[in-house]
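First comes the structure, then the notes that go with it.
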Amino acid sequence: MTRLLQTHSWLQTSNGWKEEFDPPPILQQNMVDVTMNNNTISFPIFCQSIQQSHPVGIFNGGNPLAHSFSLIMFNLILNTLITRSLQVLLKPLKQPVIISQIIGGMIVGPSFLGQSRWFQRHMMTESTQFIMRNLGVMGFMFFLFMYGVRMDPTLLRKSGKLHVSTAFISITIPMVTAFVVALCMRKNMDKEMALIPSLGSISGYLGITAFPVLYHILKEFNLLNSDMGRSALSIALIGDSFGMLCIMAFEASSQGETKMINTLWYMISFVGLMAFLMFCVRPAMIWINNNTPEGHPVQQSFVVAIFLGALVMGFLTDMFGIAIANGPVFLGLVIPDGPRVGATIVQKTETIMADILLPFSFIMVGSYTDFYAMSASGWSSLEPLIVMVITGYVLKFFSTWIVLHFWRMPLREGLTLSLTLSLRGHIELILFVHWMDKNILHIPDFTLLVLMTTILTATFAPLINILYDPTKPYMVNQRRTIQHNPPDEELRIVLCILDTETINGFIRLLDISNPNSSSPLSISVVRLAELVARANPLFLDHEKQRVPPNYQWTNTINALTQHQQHKGMLMKLHFFTAVTPKQTMFRDICELALEQEASLIILPFKSSSDVHNHSVNSQVLNTAPCSVAIFVDKGLPDINNIGSSSTSFRRSQYRFAVLFLGGGDAREALVYADRMVANQDVSLTVIRFLSRNFKGYNEIEKKLDDGIVTWFWVKNEINQRVVYREVLVSNGEETIEEIQAMNDGAFDLLIVGRKHGINPILLTGLSEWSESDELGLIGDYVSSADFFGSASVLVVQQQILRG
């Protein structure tokens, strides 16, 4: 079986680089003369055997490297191994994943392994490269489709003046300046690059910051819901919208270079597609979203139809000349983001896109990247492009920084945001490939742009990590604890809800926190939802903003509101919703506590197997600007029902116990318990653990412990509902024995300090027993299933001053 195939490679000559025909084994060669404008040019035509797709097996004499499908699999495996290895090596240097992906593509391209004639002849055959490049285009196409699904265009309406002005100035100044520079050097450019639409497209790329690029890098660095991350995404979203209009305008003008009527047809096609998506596809997507029950997946037939729609949109936009990648983006934008449809699409697409298709995209980029071709092309041919790019990059950075300085952003934050908005990535690579298809760029130009993109991102990304600490705002010098909260002022609490199962326990905990007329409770209730199938994190104040239907939690709000109405003026509630990545939920909690000047954050504790819950709790404990309490609910009784039963076996009071092992956390726990015991329905037992011969104590901590215990005892000396006693222990084993001895199984709540300031002698030998570090050694023990009784547990950590 044979086919006629024209293949090419780059050959170095004394005059630079030229294309040379260098096919695999040739069956027959002929020369064909073509006459154009009285000039005759001879072209070689090769008759070459087509590559079989599947091997017959090495035991039958087959060579797996002589078959296209085997080579495609081998290239995918090789690229994946190289990329993953580079990720491990570059991670300590704070490099984003895209740097490893670009370098991995370069290594399997003509710049490195491609220099080997054996590798080029056997691993990068023309048929293999043809298939891989098409798979690479599909990878970029689905990458943009996923970006469209995650995007919420309505956020444009919520952009502030700082975001709009920064986006406008940081785009127009570098774009216009680079365009002017290009016009001045136009005579030194290739014919295709020197065209006005080509220069406009390249200038536009230099000014625009692509939203998908920032999203992926900020997500990788866990900065999506930081102040800098939110500002960067808002500015990039505006820039993307402006850039899309510019690119469409330049594309339209390039369509009209041959006939002006082509521009008209281009615009009609574009408007028609947009109308179809908005008025036909969008309502259908909303219907699917609304008719999918919460917590259930979207029907498989709908998912298949949406994936097919992405391919259809790519085909239509490519047919109309709008560019193949634009169609999937437009379709993605009309799909509702967030749970249900958006989440299903992302879940079913992400792995295939990221781990199967995108590697081919970077192999394609690497196959076009040839450092030897760039170095041999000469400075004169690359000079205009180099000057344009450097001018654009420098002005992009400084124009952004100056605008942010005008808005009085601190110098360090402004510098970090300017660096972030200068990052480059996937979208730029897609543009470079598109320009190669349009013959605007050639191999040397393409290589130069990829190299400068890689250098810029590889330089700026670690600088962002060095300069920006997202937890710095939580470092406060003021004491925000229950112990230091004035007794005649309201106690401000941040209550964190990860799911509705914890709400009843939280309501009862708030009850026993004893809101009263002299010290009412002001509670900021925040519902934390995972960021799924959307790019922008959300933080919504229910008094000022409308909550999207996908993130409403009406039943929980109603339950809390009814309880607040029962308490009247003794309890105030303020509701918030945070939609954010799991890894950075703690930042929204800490930021809310900081803004509300809270003295306490209350977190739920679920089973020890819930890694997500433990991660959030641990991060809040490490960064909180106030005290933190973790509540392990085992069925705390309702205080309003105590004593209401007519049975003679009813209990008249809650029974609480404080296990006081010393340190700041134990002092905070004791003060919280003192607030609770002011309720007439609460009885309290305080047990202080001391080491024999008083060994191992920090003198300062010991004096503070003595002071708070004395204060508590003097205050409650005549209170018949309070019992205080001390026990002496020599090690952790005796501590556990004393806890077991005092536990009769009838306590309703055990309150314990987490770990800070505890005499280590009291815990000797217990560290290997711990399963949940966020509860501390004693908290983990008394909350375990092995501990006798059904007492709920409240583990308290006093604020750690970090400023």
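The single condition among (1) open to solvent by 30 Å² or more (accessible area, probe 1.4 Å); (2) within 19 Å of I482 (Cβ to Cβ); (3) among the aliphatic types (A, V, I, L, M) that L684 does not satisfy is (1).
When you look at T400, is it farther than 29 Å from F360 by Cβ, among the hydroxyl-bearing types (S, T, Y), at pLDDT 95 or above and surrounded by 23 or more Cβ atoms within 10 Å (Cβ to Cβ), yes or no? Even if it seems obvious, please write down each step before you answer.
Values: farther than 29 Å from F360 by Cβ: yes; among the hydroxyl-bearing types (S, T, Y): yes; at pLDDT 95 or above: yes; surrounded by 23 or more Cβ atoms within 10 Å (Cβ to Cβ): yes.
For T400, the condition - farther than 29 Å from F360 by Cβ, among the hydroxyl-bearing types (S, T, Y), at pLDDT 95 or above and surrounded by 23 or more Cβ atoms within 10 Å (Cβ to Cβ) - is met.
Look at region 93-107: where a residue is of a type outside the set (D, E) and a partner is open to solvent by less than 10 Å² (accessible area, probe 1.4 Å) and outside any helix (DSSP H, G or I), sitting 6+ places away or on another chain with Cβ atoms under 6 Å, you get I98/G425; M106/T369.
Inspection of region 205-225 finds no residue satisfying the criterion of being surrounded by fewer than 17 Cβ atoms within 10 Å (Cβ to Cβ), among the small types (G, A, S), within 33 Å of the chain's Cα centre (by Cα) and not assigned by the TED database to the domain that holds E530. For region 228-251, residues that are modelled with pLDDT of 90 or more and in contact with a helix residue (DSSP H, G or I) (Cβ under 8 Å, 6 or more places away or on another chain) total 10. Please indicate, with yes or no, whether at least one residue in region 374-388 is part of a helix (DSSP H, G or I) and within 30 Å of the chain's Cα centre (by Cα). No; the residues of region 374-388 include none that is part of a helix (DSSP H, G or I) and within 30 Å of the chain's Cα centre (by Cα). Residues that are of a type outside the set (V, I, T) and closer than 21 Å to V149 by Cα do not occur anywhere in region 253-260. Taken over region 335-347, the criterion of being hydrophobic (A, V, I, L, M, F, W, C) and either at pLDDT 95 or above or in a helix (DSSP H, G or I) (or both) is satisfied by V341, A343, I345, V346. On the basis of being closer than 23 Å to T420 by Cβ and open to solvent by less than 40 Å² (accessible area, probe 1.4 Å), does G256 make the cut? When the stated conditions are applied, G256 does not pass them.
Just one residue in the set E726, E737, E717 is in contact (Cβ under 8 Å) with a residue 24 or more places away in the chain and of a type in the set (D, E); that residue is E726.
Just one of the listed residues (G309, G314) is farther than 18 Å from I247 by Cβ and either modelled with pLDDT of 95 or more or not aliphatic (A, V, I, L, M) (or both), and it is G309. A single entry from D240, D190 fulfils the requirement of being open to solvent by 10 Å² or more (accessible area, probe 1.4 Å), touching a residue at least 12 places away in the same chain (Cβ under 8 Å), under 30 Å from Q101 (Cβ atoms) and not in a helix (DSSP H, G or I): D190. Listed by position, the helices (runs of 4 or more DSSP H) inside region 260-334 whose residues that are within 28 Å of the chain's Cα centre (by Cα) and buried (at least 19 other Cβ atoms within 10 Å of the Cβ) number at least 3 are 282-290, 300-320, 326-333.
Does N514 count as closer than 21 Å to L600 by Cα and buried (at least 19 other Cβ atoms within 10 Å of the Cβ)? For N514, the condition - closer than 21 Å to L600 by Cα and buried (at least 19 other Cβ atoms within 10 Å of the Cβ) - is met.
Among the residues of region 355-374, is there at least one that is open to solvent by 10 Å² or more (accessible area, probe 1.4 Å) and without any contact (Cβ under 8 Å) to a residue 60 or more places away in the chain? No, every residue in region 355-374 fails to be open to solvent by 10 Å² or more (accessible area, probe 1.4 Å) and without any contact (Cβ under 8 Å) to a residue 60 or more places away in the chain.
Please work out if T344 is under 21 Å from the mean Cα position of the chain (by Cα), surrounded by fewer than 23 Cβ atoms within 10 Å (Cβ to Cβ) and polar (S, T, N, Q).
Spelling it out, it is not the case that T344 is under 21 Å from the mean Cα position of the chain (by Cα), surrounded by fewer than 23 Cβ atoms within 10 Å (Cβ to Cβ) and polar (S, T, N, Q).
Condition test on A629, is it among the aliphatic types (A, V, I, L, M), surrounded by 15 or more Cβ atoms within 10 Å (Cβ to Cβ), at pLDDT 90 or above and not in a helix (DSSP H, G or I)? Criteria met by A629. Residue count for region 430-451 satisfying the condition of being out of contact with any helix residue (DSSP H, G or I) (no Cβ under 7 Å at 6 or more places or on another chain) and part of a loop (DSSP other than H, G, I, E, B): 3. Of the set (1) without any contact (Cβ under 8 Å) to a residue 24 or more places away in the chain; (2) touching a Phe, Trp or Tyr at 6+ places or on another chain (Cβ under 6 Å), all apply to L749 but (1). For Q565, the conditions (1) free of Cβ contacts under 8 Å to residues at least 40 places away in the same chain; (2) open to solvent by 20 Å² or more (accessible area, probe 1.4 Å); (3) in a strand (DSSP E or B) all hold with the exception of (3). Is it the case, given these coordinates, that L540 is open to solvent by 30 Å² or more (accessible area, probe 1.4 Å) and either touching a Ser or Thr at 6+ places or on another chain (Cβ under 8 Å) or modelled with pLDDT of 95 or more (or both)? Considered against the rule, which asks whether it is open to solvent by 30 Å² or more (accessible area, probe 1.4 Å) and either touching a Ser or Thr at 6+ places or on another chain (Cβ under 8 Å) or modelled with pLDDT of 95 or more (or both), L540 comes out as no. Candidates are the residues of region 576-607 that are part of a helix (DSSP H, G or I), aliphatic (A, V, I, L, M) and under 26 Å from K634 (Cα atoms); the one that is nearest to the chain's Cα centre (by Cα) is M585. Does F179 fit the bill of being open to solvent by 60 Å² or more (accessible area, probe 1.4 Å) and closer than 25 Å to W401 by Cβ? Taking the combined requirement at face value, the residue does not satisfy it.
Screening region 10-124 for helices (runs of 4 or more DSSP H) wholly inside it with 3 or more residues that are open to solvent by less than 60 Å² (accessible area, probe 1.4 Å) and either more than 30 Å from A458 (Cβ to Cβ) or modelled with pLDDT of 60 or more (or both) returns the ranges 68-90, 97-107.
Can we say E668 is assigned to a helix (DSSP H, G or I) and either on the phi > 0 side of the Ramachandran plot or surrounded by 20 or more Cβ atoms within 10 Å (Cβ to Cβ) (or both)? Here the answer is yes, as E668 does meet what is asked.
A single entry from I443, I455 fulfils the requirement of being over 30 Å from S627 (Cα atoms), free of Cβ contacts under 8 Å to residues at least 40 places away in the same chain and either open to solvent by 20 Å² or more (accessible area, probe 1.4 Å) or more than 22 Å from the chain's Cα centre (by Cα) (or both): I455. Considering only residues that are over 19 Å from the mean Cα position of the chain (by Cα) and open to solvent by 10 Å² or more (accessible area, probe 1.4 Å), which ones fall in region 410-432? Across region 410-432, the qualifying residues are P410, L411, R412, E413, L415, I430, L431.
The values are calculated or read from the model by the stated rules, or taken from the named source; none is laboratory data. Source: prediction; values computed, not measured. In this analysis, Cβ positions are derived from the backbone assuming ideal geometry, glycine residues included, and neighbour counts consider all displayed protein chains. The area values use the complete protein model at the heavy-atom level, side chains included, leaving out ligands, DNA and RNA. Shrake-Rupley method; radii C 1.70, N 1.55, O 1.52, S 1.80 Å.
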